[in-house]
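A.B. asks: Handing you a structure now.
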């Protein structure tokens, strides 16, 4: 499942590598098939074969040529897992991160990882954003996809209808410094756009606030992942500071998707 349209149509995706195998197992996402490139298997690979066979998962050994045709990676580890994409849930609580036209799958996956680490509950995309369940985006997320609610292809009318969300455009130029912004709102929806193009007009109109990351002289911009990380973790820092020594706010916790 490499093609985004095929992934959406079938509701199936392909995760490659032993790290994602471990994350799928930890998150208890049902694996429908384990695919292996034919060849000698080390002890780690044999352990995964036995683990998935014991769970009733079909295991298929493919020729190197066939496996490499299926793989989306230049240097595949020779192990891939087909799984059902988790059903998106209505984003009724927690912070959100909206990817508006982000094209690079590695960046998109890394943004999912940053969002999950910062306690964001839902990651959404607009039309024109790379597929988050594609293999390269999954690799960039390093397993974080299984700990957030992912909703792709959301219309701006749907976003505007979400009650109680304060939408903030992250890392835009000529905006309020992130260090001066009060980010303790009950619920924040962060919006990031494609590098170079920035946010679409619809995304700009959605946002009630714009913040930027102050940079050293001579530096024009940050990578979208780095900029988002600064913003999301400043939000987390402010929330942690506000609870002092009391229980950590539930908004700061990852919600494992089962």
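The values are calculated or read from the model by the stated rules, or taken from the named source; none is laboratory data. In this text, all values refer to a predicted model and were calculated from it rather than measured experimentally. Note that each Cβ is placed from the backbone with ideal geometry, even for glycine, and that neighbours are counted across all protein chains shown.
A.B. asks: Run residue 167 past the list (1) over 24 Å from residue 106 (Cβ atoms); (2) at pLDDT below 95; (3) not in a loop (DSSP other than H, G, I, E, B) and report the number of the one that doesn't hold.
C.D. replies: Unmet for residue 167, out of (1) over 24 Å from residue 106 (Cβ atoms); (2) at pLDDT below 95; (3) not in a loop (DSSP other than H, G, I, E, B): (2).
A.B. asks: Out of the stretch 230-240, which residues are over 12 Å from residue 169 (Cβ atoms) and surrounded by 21 or more Cβ atoms within 10 Å (Cβ to Cβ)?
C.D. replies: Listed by number, the residues that qualify are 232, 235.
A.B. asks: Do we have residue 32 as closer than 13 Å to residue 80 by Cβ, in contact with a strand residue (DSSP E or B) (Cβ under 8 Å, 6 or more places away or on another chain), exposed (fewer than 13 other Cβ atoms within 10 Å of the Cβ) and touching a residue at least 40 places away in the same chain (Cβ under 8 Å) here?
C.D. replies: yes
A.B. asks: Would you check which residues across the stretch 207-229 are crowded, with 19+ Cβ neighbours inside 10 Å and within 23 Å of residue 137 (Cβ to Cβ) and list them?
C.D. replies: Matches in the stretch 207-229: 224, 225, 227, 228, 229.
A.B. asks: Could you please let me know if residue 56 is out of contact with any helix residue (DSSP H, G or I) (no Cβ under 6 Å at 6 or more places or on another chain), surrounded by 13 or more Cβ atoms within 10 Å (Cβ to Cβ) and on the phi > 0 side of the Ramachandran plot?
C.D. replies: Working: out of contact with any helix residue (DSSP H, G or I) (no Cβ under 6 Å at 6 or more places or on another chain): yes; surrounded by 13 or more Cβ atoms within 10 Å (Cβ to Cβ): no; on the phi > 0 side of the Ramachandran plot: yes.
For residue 56, the condition - out of contact with any helix residue (DSSP H, G or I) (no Cβ under 6 Å at 6 or more places or on another chain), surrounded by 13 or more Cβ atoms within 10 Å (Cβ to Cβ) and on the phi > 0 side of the Ramachandran plot - is not met.
Each row is one residue, and each column tells you yes or no for (1) in the same structural domain as residue 150 (by TED's automatic domain parsing); (2) surrounded by 15 or more Cβ atoms within 10 Å (Cβ to Cβ); (3) on the phi < 0 side of the Ramachandran plot.
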{"site": "14", "(1), (2), (3)": "no, yes, yes"}
{"site": "17", "(1), (2), (3)": "no, yes, no"}
{"site": "21", "(1), (2), (3)": "no, yes, yes"}
{"site": "24", "(1), (2), (3)": "no, yes, yes"}
{"site": "52", "(1), (2), (3)": "no, yes, yes"}
{"site": "66", "(1), (2), (3)": "no, no, yes"}
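A.B. asks: Which residues, taken from the stretch 78-88, are surrounded by fewer than 18 Cβ atoms within 10 Å (Cβ to Cβ) and part of a loop (DSSP other than H, G, I, E, B)?
C.D. replies: 87, 88
A.B. asks: On the given criteria, is residue 204 touching a strand residue (DSSP E or B) at 6+ places or on another chain (Cβ under 8 Å) and either surrounded by fewer than 21 Cβ atoms within 10 Å (Cβ to Cβ) or part of a loop (DSSP other than H, G, I, E, B) (or both)?
C.D. replies: Criteria met by residue 204.
Yes or no, residue by residue, for (1) in contact with a helix residue (DSSP H, G or I) (Cβ under 6 Å, 6 or more places away or on another chain); (2) not in a loop (DSSP other than H, G, I, E, B); (3) not assigned by TED's automatic domain parsing to the domain that holds residue 155:
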{"site": "91", "(1), (2), (3)": "no, no, yes"}
{"site": "103", "(1), (2), (3)": "no, no, no"}
{"site": "112", "(1), (2), (3)": "yes, yes, no"}
{"site": "116", "(1), (2), (3)": "yes, yes, no"}
{"site": "120", "(1), (2), (3)": "no, no, no"}
{"site": "128", "(1), (2), (3)": "no, no, no"}
{"site": "133", "(1), (2), (3)": "yes, no, no"}
{"site": "136", "(1), (2), (3)": "yes, yes, no"}
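A.B. asks: Looking at (1) assigned to a loop (DSSP other than H, G, I, E, B); (2) under 28 Å from residue 163 (Cβ atoms), which one does residue 97 not meet, given that it meets all the others?
C.D. replies: (1)
A.B. asks: Would you check if there is a residue in the stretch 159-179 being loosely packed, with under 11 Cβ neighbours inside 10 Å, free of Cβ contacts under 8 Å to residues at least 24 places away in the same chain, in the same structural domain as residue 206 (by TED's automatic domain parsing) and farther than 21 Å from residue 121 by Cβ?
C.D. replies: Checking the stretch 159-179: not a single residue is loosely packed, with under 11 Cβ neighbours inside 10 Å, free of Cβ contacts under 8 Å to residues at least 24 places away in the same chain, in the same structural domain as residue 206 (by TED's automatic domain parsing) and farther than 21 Å from residue 121 by Cβ.
A.B. asks: Among the candidates 120, 112, 148, which residue alone is under 14 Å from residue 188 (Cα atoms) and touching a residue at least 12 places away in the same chain (Cβ under 8 Å)?
C.D. replies: Criteria check complete, one pass: 120.
A.B. asks: Here's a follow-up. Residues to consider are 236, 184; find the one that is out of contact with any strand residue (DSSP E or B) (no Cβ under 8 Å at 6 or more places or on another chain) and under 16 Å from residue 116 (Cβ atoms).
C.D. replies: Numbers: 184 fails: under 16 Å from residue 116 (Cβ atoms).
Within the list 236, 184, the selection yields 236.
A.B. asks: Looking at 120, 192 in this structure, which one is within 25 Å of residue 220 (Cβ to Cβ), at pLDDT 95 or above and in contact with a strand residue (DSSP E or B) (Cβ under 8 Å, 6 or more places away or on another chain)?
C.D. replies: Sole residue among the options that is within 25 Å of residue 220 (Cβ to Cβ), at pLDDT 95 or above and in contact with a strand residue (DSSP E or B) (Cβ under 8 Å, 6 or more places away or on another chain): 192.
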